[in-house]
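Participant: First, the structure itself, so that you have it in front of you.
The values are calculated or read from the model by the stated rules, or taken from the named source; none is laboratory data. Given the structure is predicted, the values throughout are model-derived calculations rather than measurements. All Cβ positions, even for glycine, are placed from backbone atoms using ideal geometry, and neighbour counts span all protein chains on display. Just so you know, the surface numbers come from the protein's heavy atoms only, side chains and all, with ligands and any DNA or RNA stripped out. Shrake-Rupley method; radii C 1.70, N 1.55, O 1.52, S 1.80 Å.
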Amino acid sequence: LGVFYGEGLTEVRRRVLRKMGKPVPPEPVPPEGARVTPHVNFVDKDLDNKLANKSDPDFKYFYRFFLHLAVNHTVMCEAGIPGSGMDLSYSASSPDEGALVYAAHHFGFSFVGRDSTGLLVKVFGEEVKVIIDANFEFTSARKCSSTACRIEQPDGATEYVVYCKGADSAILNRLTKQAAQSEETANTLRKMDEFAKDGLRVLCVGGRHLEKGEYESLLAKFKEAEMSNVDRAAEVEKVAAQFETSLELWGATAVEDQLQEEVSDTIASLQEAGLRIWMLTGDKVETAINIGVATSLLTNAMHRIMMVADEGKNA
């Protein structure tokens, strides 16, 4: 944990460099014969080498990270799109979630279907059955989504796992004290902040393994809460909080939402025509500035006034 993978720059960062008159490095070139997966543009030989070597000391960390991406989602599996190079495709209500499932597939952790009990994942060709016992969906209040499941490994072992991914603030509050205060976590959060400034949408990925007894006890509480006739949502949330506690931080993701073609030139033309343009965003200040520069909403000739509210104080 604390090591990040992926070469190259985001389109936002490249546009900002061009606007500032600074040199833009060339795009990284995938090695010959590299995998091609829809919605995945990722180049890093070190990660490829790590995943290709199961005896690598770090392999277990990559395994749990990518299996998480292949399991904790609401994506649906469909027939492959002709010419995509895949015999299946994914349908997702959230483009980011779909991109993460495609990424898991790209690196050998392929979600291949659902049934009434859970889903099936192929890990480097070996089938792994995942029995889904509880899902706690993402909401604007929770800022995270979780899956409580039993994983039936190819060797016959059963693991009891809670997967949780979401905003850094949501996951940080659910970590063990030791994990929350670790240098690895601090380094991860710093890197996520850098990614966000470059226009990437970031998520923390965490989880924990449970003993069978604890898992079954929590599952019984979940089923009881599901049947409650009084404050059902509140009761389910109480159980979710018990599942989503004492987590470990397993990693982070950063997804690029590329600008549409000619957005920058179009905005510049509209401004030259005398139109006044406002940008409404929920991004951090630095992220909003970088996107503003990349899209020509902001230029070096402008006088900028920044007003930032302190959330810790009353207005």
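Participant: Among (i) 21.1; (ii) 16.1; (iii) 20.2, which one is mean projected area of the Cα convex hull in nm² computed from these coordinates?
Facilitator: Computed from the coordinates, mean projected area of the Cα convex hull in nm² corresponds to (i).
Participant: Let me ask something else about it. Please give me the summed charge of the neighbours of Gly98: other residues whose Cβ is under 13 Å from its Cβ, Lys and Arg +1, Asp and Glu -1.
Facilitator: Working: positive: Arg201; negative: Glu78, Asp96, Glu97, Asp257.
Value of the local net charge: -3.
Participant: For segment 111-134 and segment 236-271, what is the centre-to-centre distance using only Cα atoms, to the nearest Å?
Facilitator: What the calculation gives is 25 Å, centre to centre.
Participant: Let me ask you something else. Contour minus end-to-end for Asp155 and Glu261, with contour as 0.36 nm per residue of separation and end-to-end as the Cα-Cα distance? Before the final figure, lay out each step's value.
Facilitator: Numbers: separation 106, 0.36 × 106 = 38.16 nm, distance 4.89 nm.
Using 0.36 nm per residue and subtracting the Cα-Cα distance, I get 33.3 nm.
Participant: What accessible area per residue, rounded to a whole number of Å², is obtained for the chain using a probe radius of 1.4 Å?
Facilitator: 59
Participant: Which value, in Å³ per residue, describes the convex hull spanned by the Cα atoms of segment 131-266?
Facilitator: That works out to 155 Å³ per residue.
Participant: Once fully extended, how much extra length lies between Leu270 and Glu137, figured as 0.36 nm per residue of separation less the alpha-carbon to alpha-carbon distance?
Facilitator: Extra length available between Leu270 and Glu137 comes to 43.8 nm.
Participant: Could you work out how far apart the two model spin labels at Val230 and Ser94 are, taking each label as a point 7 Å from the Cα in the direction of the beta carbon, and quote it in nm?
Facilitator: Rounded to a tenth, the inter-label distance reads 3.3 nm.
Participant: Modelling each spin label as a point 7 Å along the Cα-to-Cβ direction, I'd like the Ala241/Arg201 distance in nm, to one decimal.
Facilitator: About 2.8 nm separates the two model spin labels.
Participant: So, in Å, what gap is there between the alpha-carbon centers of segment 1-34 and segment 137-197?
Facilitator: Centre-to-centre distance over Cα atoms comes out at 27 Å.
Participant: Find the percent of Cα-Cα distances in segment 247-309 that exceed 15 Å, and round it to a whole number. Provide the component values of the computation, followed by the final result.
Facilitator: Numbers: 1216 of 1953 pairs.
The answer is 62 percent, as a whole percent.
Participant: Can you flag which of Lys22/Lys191; Lys50/Lys284; Lys50/Lys177 are past 27 Å Cα-Cα? All intermediate terms of the calculation are to be shown ahead of the outcome.
Facilitator: Details: Lys22/Lys191 23 Å; Lys50/Lys284 33 Å; Lys50/Lys177 29 Å.
Table pairs above 27 Å Cα-Cα are Lys50/Lys284; Lys50/Lys177.
Participant: From the Cα gyration tensor of segment 212-251, with a ≥ b ≥ c the square roots of its eigenvalues, which class applies: rounded if a/c is under 1.5, or else prolate if a/b is larger than b/c, or else oblate?
Facilitator: Working: a/c = 3.89, a/b = 1.66, b/c = 2.33.
Since a/c reaches 1.5 but b/c is at least a/b, the shape of segment 212-251 is classed as oblate.
Participant: Apply the Karplus curve 6.51 cos²θ - 1.76 cosθ + 1.60, θ = phi - 60°, to the phi angles in segment 27-33 and return the couplings in whole Hz, x for Gly and Pro.
Facilitator: Once θ is set to phi - 60°, the couplings for segment 27-33 become 5, x, 9, x, x, 4, x Hz.
Participant: Using only the Cα atoms of segment 32-165, what are the Rg and Dmax in Å?
Facilitator: Considering segment 32-165 through its Cα atoms, Rg and Dmax are 14.8, 45 Å.
Participant: What FRET efficiency do you get for Ala79 and Thr117 if R0 is 25 Å and r is their Cβ-Cβ distance, rounded to the nearest 0.05?
Facilitator: Working: r = 22 Å, r/R0 = 0.89.
Between Ala79 and Thr117 the formula returns 0.65.
Participant: Per the 1.4 Å probe, what fraction of the accessible area of the chain, in percent, lies on carbon and sulfur atoms?
Facilitator: On the way: 9410 of 18460 Å².
Here carbon and sulfur together make up 51 percent of the probe-accessible area.
Participant: Let me have the relative contact order for the chain, percent, based on Cα pairs under 8 Å that are six or more residues apart.
Facilitator: On the way: 457 pairs, mean separation 50.5, N = 315.
The normalised contact order for the chain reaches 16 percent.
Participant: Give the relative contact order (percent, whole number) for segment 150-208; include only Cα pairs under 8 Å separated by 6+ residues. Walk me through the numbers on the way to the answer.
Facilitator: Details: 48 pairs, mean separation 25.4, N = 59.
In percent, rounded to a whole number, it is 43.
Participant: Counting only residues 5 or more places away or on other chains, whose amide H sits under 5 Å from the amide H of Gly113 once H atoms are built in the peptide plane?
Facilitator: Leu120
Participant: What is the spin-label model distance, in nm, from Ala220 to Phe59 if the labels are put 7 Å beyond Cα along the C-beta direction?
Facilitator: 3.9
Participant: Counting each DSSP H run of 4 or more residues in the chain as -39500 (n - 2.57), what helix-only mean residue ellipticity at 222 nm follows after dividing by all residues, to the nearest 500 deg cm²/dmol?
Facilitator: Helices in the chain give a 222 nm mean residue ellipticity of -10500 deg cm²/dmol.
Participant: Note down the net charge around Asp231, summing +1 for each Lys or Arg and -1 for each Asp or Glu among other residues with Cβ under 10 Å from its Cβ.
Facilitator: Values: positive: Arg232, Lys238; negative: Glu235, Glu237.
Residues near Asp231 contribute 0 overall.
Participant: Taking square-rooted eigenvalues a ≥ b ≥ c of the alpha carbon gyration tensor, is segment 127-189 rounded, prolate or oblate, where a/c under 1.5 means rounded and, failing that, a/b exceeding b/c means prolate? All intermediate terms of the calculation are to be shown ahead of the outcome.
Facilitator: On the way: a/c = 3.07, a/b = 1.55, b/c = 1.98.
Verdict is oblate for segment 127-189.
Participant: Could I ask something else about it? Label segment 1-93 by shape, choosing from rounded, prolate and oblate, from the square roots a ≥ b ≥ c of the eigenvalues of the Cα gyration tensor; if a/c is under 1.5 it is rounded, and otherwise prolate applies when a/b is larger than b/c, oblate when it is not.
Facilitator: Values: a/c = 1.83, a/b = 1.28, b/c = 1.43.
Taking the square roots of the gyration eigenvalues as a ≥ b ≥ c, segment 1-93 is oblate.
Participant: What does the charge count near Gly6 come to, summing +1 for each Lys or Arg and -1 for each Asp or Glu among other residues with Cβ under 15 Å from its Cβ? Display every interim value, and only then the final one.
Facilitator: Details: positive: Arg13, Arg14, Arg35, Lys45, Lys50, Lys191, Arg201; negative: Glu7, Glu11, Glu27, Asp44, Asp46, Asp48, Glu194, Asp198, Glu256.
Net local charge, Gly6 excluded: -2.
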